[in-house]
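Engineer: One structure follows; several queries about it will come next.
The values are calculated or read from the model by the stated rules, or taken from the named source; none is laboratory data. Note that the structure is a prediction, hence the values are computed from the model and not measured. Cβ placement follows ideal geometry from the backbone for every residue including glycine, while neighbour counts extend to all protein chains displayed. When the accessible area is computed, the model is the full protein with side chains, heavy atoms only, and any ligands, DNA or RNA have been set aside. Shrake-Rupley method; radii C 1.70, N 1.55, O 1.52, S 1.80 Å.
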Amino acid sequence: VTDAENLTATRDLAVTVTPSNDPATIANASQTVAEVGATTISSATLAAVDPEVVFGSQNTSQLVYALTALPSQGYLTLSGTRLGIDSVFTQADIDANRLVYVHTATGADQNVPDSFSVRVNDGATPTSRSAQATISLDVAPLNQAPTVEGSGSVFEGQPANAAGGASAGALASGCASC
């Protein structure tokens, strides 16, 4: 310290820095998934950030996700086991490709986007301060061959679209019930 008269004094002080926990953070994200079959949810999509993991005082198995909203056009599995609301998995599970989305929608809903929501916690942050995110799933359409089902009979001389089995001659004369 130097004062106005240019006098100097020196003193050493011990400073203790007490580490504090920083909550994990996560952003909303999206991933393209297959219309048919299963798609691994990647760490590029679900990647919580926690300074304690970055600095090495925690590891990715301590970043725990809980499902807060389920997908409506499919379901999630962890190592083959179907997940439900409040099911948990870790960042280590995601990094090891254990989280999979299985698309099950058919018909008019087969290409409808889907989503699920999660909460992530590092084990040292109160649950009420846990970060939350919604993961949007964009369905990549697959060109599928059309299928025909059922059976029927067409009689010789009868057009395929004949109403009530009327003959071609009756339809030509305007008498569908003849």
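Engineer: Kindly indicate which of T81, T77, T8, T2 is within 15 Å of the chain's Cα centre (by Cα) and of a type in the set (S, T, Y).
Structural biologist: Just one listed residue meets the conditions, T77.
Engineer: If you don't mind, there's one more thing I want to ask. Got a number for residues in the range 62-87 being closer than 13 Å to L46 by Cβ and β-branched (V, I, T)?
Structural biologist: 1
Engineer: Moving on to the next point. Test of understanding: among T68, T77, T134, T125, which residue is open to solvent by less than 20 Å² (accessible area, probe 1.4 Å), out of contact with any helix residue (DSSP H, G or I) (no Cβ under 8 Å at 6 or more places or on another chain), closer than 18 Å to A24 by Cβ and not hydrophobic (A, V, I, L, M, F, W, C)?
Structural biologist: Of T68, T77, T134, T125, the one residue that is open to solvent by less than 20 Å² (accessible area, probe 1.4 Å), out of contact with any helix residue (DSSP H, G or I) (no Cβ under 8 Å at 6 or more places or on another chain), closer than 18 Å to A24 by Cβ and not hydrophobic (A, V, I, L, M, F, W, C) is T125.
Engineer: State whether one or more residues within the range 41-54 are of a type outside the set (S, T, N, Q), farther than 30 Å from N143 by Cα, open to solvent by less than 40 Å² (accessible area, probe 1.4 Å) and at pLDDT 95 or above.
Structural biologist: no
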